[in-house]
Amino acid sequence: MGSEELNKNLLQHQNTSEEEEEPLRKRVWKESKKLWIVAGPAMFTRFSTFGIMIVTQSFIGYIGSTELAAYSLVMTVLVRFANGILLGMASALETLCGQAYGAKQYDMLGALGQDKSIAHAAGSISIWSIGIVFAFSASFTCQMFLQAQSKNKIIAYLAAVSISIHVFMSWLLTVKFKFGVNGAMTSILLAYWIPNLGQLVFIMTKCPDTWKGFSFLAFKDLWPVIKLSLSSGVMLCLEIWYNTVLILLTGNMENAEISIDALSICLNINGLETMIALGFFAAAGVRVANELGGGDSKAAKFSIVITLLTSFFIGFVLFLIFLFLKERLAYIFTPDPDVAKAVGDLSPLLSISILLNSVQPVLSGVAVGAGWQSVAAYVNIGSYYLIGIPIGVLLGNLLHLQVKGVWIGMLFGIFVQTIMLMIITFKTDWNKQVEIARNRVNKWAVVDKDESNNTSRISS
């Protein structure tokens with residue numbers, strides 16, 4: 001498909017008068033179906049992927065509090081540090097693949113201080129994280145590729161198989177055979193590698209329109225793609241590493257072991273809820289990218305509104321639930337009453353975080369779908385690192401609010417970020433974004449085979 005035909009398709013998509021004449025209820029229903037086609041499997045996949053960490057944390061928590069703190073430190077600091085880079089750079093595919101898929105250019109898609117005992121235990125656990133990071137590098141790329149085409153049901157199926165095997169293996173290795181931390185980490189390593197093979201096989205055998213084998217066309221105009229990937233990486237790194245900084249700040253406070261355990265449990269509970277919001281993050285990114293790539297600015301705006309309202313409603317319900325449960329949640333992860341009490345003290349802040357996280361990831365998804373990653377990165381720097389962390393340090397250390405002060409600072413940062421992204425989103429000229437998407441897709445458009453006899457292709 002050449003650029004002339006591409007422009008024709010985009011102009012045809014701009015004629016949406018018939019759809020706009022439909023009743024609002026019908027439009028909401030149609031958009032909601034498109035939304036949940038992406039969001040549903042994405043939520044389940046993220047729940048399963050994150051749930052693997054939670055299952056392991058639960059088993060390790062009953063081995064000992066020091067082991068739990070060490071595991072929390074490794075998974076929160078080392079793995080999230082790597083995830084920020086890998087997931088962020090993979091998110092560039094949501095922009096490029098999503099807009100290319102919307103424009104029907106299918107060929108383009110293929111082309112500081114810590115307790116010594118905790119630190120010592122974390123050192124042995126961190127070795128296991130190397131294999132986990134390599135598993136994520138393949139998994140994130142495959143997920144974004146499939147997600148841009150709304151073909152993420154297979155990801156959900158593989159995630160279900162993976163977490164089922166993980167629960168059984170964790171019990172077998174840690175409870176039955178008493179292998180302790182090594183058994184738990186062996187299970188988590190297997191659980192993260194299992195889906196990769198299935199995803200790769202599915203892409204190579206079930207995506208004939210978008211996967212044509214490995215091609216040297218993938219290196220066409222590579223520098224702009226790298227810049228977009230780096231922008232995506234910085235944007236998400238600044239978000240994911242924010243929690244990492246909070247754990248490090250907590251490690252320097254009194255009763256570091258209890259503080260790390262309590263904050264880590266709260267962050268993991270918050271993380272589980274965030275999996276719902278990240279499902280909407282994925283849906284917002286895909287829907288916005290598809291509609292911009294298809295030349296329909298009004299549909300892009302409508303999808304943003306529907307996604308925001310749906311996510312906020314679910315977040316508000318969960319806000320009320322977690323506000324009521326308080327310290328009861330902690331006993332899922334640890335039998336220690338001191339840690340449970342600390343979690344109960346943090347539960348109001350946890351509930352507010354859940355409410356804010358029902359909106360912020362959706363707006364970040366819009367930024368990914370539209371290709372605003374660099375703008376969002378600046379917003380994240382200002383809100384998290386110039387506002388949130390300084391307030392957290394001030395309240396936590398100077399005013400002696402400890403963990404609560406750190407978390408209040410985090411909430412300030414998220415609130416400012418949400419307001420800024422909302423202003424940017426609703427003041428955007430979406431017709432101009434359609435033109436930007438059109439130029440982006442035209443730039444990386446793949447010519448037909450008849451026009452590229454000299455192109456070298458390696459068949460897979």
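General observations
- Over region 125-199, the Kirkwood radius and the radius of gyration, each from Cα atoms, give a ratio Rg/Rh of 1.05.
- Restraint check, Lys153/Lys206; Lys34/Lys301; Lys30/Lys432; Lys153/Lys301; Lys33/Lys153, Cα-Cα greater than 18 Å: Lys30/Lys432; Lys153/Lys301
- For region 140-208, applying the loop criterion from DSSP together with a ceiling of 10 other beta carbons within 10 Å to the chymotrypsin sites (Phe, Trp or Tyr not before Pro) yields Phe177.
- Given Lys26/Lys151; Lys298/Lys404; Lys298/Lys326, the pairs whose alpha carbons are separated by over 32 Å: Lys298/Lys404; Lys298/Lys326
- 3J(HN,Hα) couplings calculated from phi for region 277-291 with the Karplus curve 6.51 cos²θ - 1.76 cosθ + 1.60 (θ = phi - 60°) are, in sequence order, 5, 6, x, 6, 4, 5, 5, 4, x, 5, 5, 5, 4, 4, 6 Hz; Gly and Pro show x.
- For region 155-162, 3J(HN,Hα) computed residue by residue from phi via the Karplus equation (6.51, -1.76, 1.60; θ = phi - 60°) reads 5, 5, 4, 5, 5, 5, 4, 4 Hz, glycine and proline entered as x.
- Residues Leu146, Leu329, sorted so that the one with the fewest Cβ neighbours within 10 Å comes first: Leu329, Leu146
Just so you know, all these numbers are worked out from the coordinates, no wet-lab data involved. This structure is a prediction, so every number in the text was calculated from the model and none was measured. Here Cβ is always computed from backbone atoms with ideal geometry, including for glycine, and neighbour counts include all displayed protein chains.
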